[in-house]
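The values are calculated or read from the model by the stated rules, or taken from the named source; none is laboratory data. Everything numeric in this text was worked out from a predicted model, so none of it was measured. Positions of Cβ are generated from backbone atoms using ideal geometry, with glycine treated the same way; all protein chains shown enter the neighbour counts.
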């Protein structure tokens, strides 16, 4: 027979709940929907107001060739197509590149906290950029033209040195 002392000393059994199963295809579709919504929001909002319906109609007309009734001004079409859309697409490409680079670092090193600062890549890129700026101006090179390449090389040198 269990005594009161045994009942007090025994820890309670841990409560385990079944974890929800994630479906990769559902997550991918939700991510793509979020990406399209972010694209439309980025293209539609700005210092000059363009109605969301006009933004969708302009993009449908220029991308898909659909004629939904031209109710927008040529200025709005220029703003959406020539100014905002390239910037938003470039920001998305940069974001995807950064996400892939971070995932690659974390996967290769098997460290969820791995980032360019921990690995020294950002420091190497800074040294490469500073060398390009200082030597480029001293040697008469176009410092602005060689700085990104030198920073990239400095970062690569650091990651190769830390991996080897």
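Listing for the model above:
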| read-out | value |
| --- | --- |
| Test: residue in region 69-85 that is surrounded by 10 or more Cβ atoms within 10 Å (Cβ to Cβ), farther than 30 Å from residue 162 by Cβ, at pLDDT below 85 and over 16 Å from the mean Cα position of the chain (by Cα) | yes |
| Residue count, region 127-160 (criterion: modelled with pLDDT of 90 or more and within 19 Å of residue 105 (Cα to Cα)) | 7 |
| Check on residue 107, within 30 Å of residue 62 (Cβ to Cβ) and surrounded by fewer than 16 Cβ atoms within 10 Å (Cβ to Cβ) | no |
| Selected residue (only one of 138, 132, 126 is loosely packed, with under 13 Cβ neighbours inside 10 Å and outside the structural domain of residue 45 (by TED's automatic domain parsing)) | 138 |
| Filter result (surrounded by 13 or more Cβ atoms within 10 Å (Cβ to Cβ) and either at pLDDT below 85 or within 20 Å of residue 151 (Cα to Cα) (or both)) within region 92-104 | 101, 102 |
| Test: residue 89 is modelled with pLDDT of 90 or more and out of contact with any strand residue (DSSP E or B) (no Cβ under 9 Å at 6 or more places or on another chain) | yes |
| Qualifying residue in region 19-29 (condition: at pLDDT 90 or above and under 30 Å from residue 99 (Cα atoms)) | yes |
| In region 88-102, the residues that are in contact with a helix residue (DSSP H, G or I) (Cβ under 9 Å, 6 or more places away or on another chain) and closer than 24 Å to residue 44 by Cβ | 88, 89, 91, 92 |
| Check on residue 42, under 28 Å from residue 96 (Cα atoms) and out of contact with any helix residue (DSSP H, G or I) (no Cβ under 9 Å at 6 or more places or on another chain) | no |
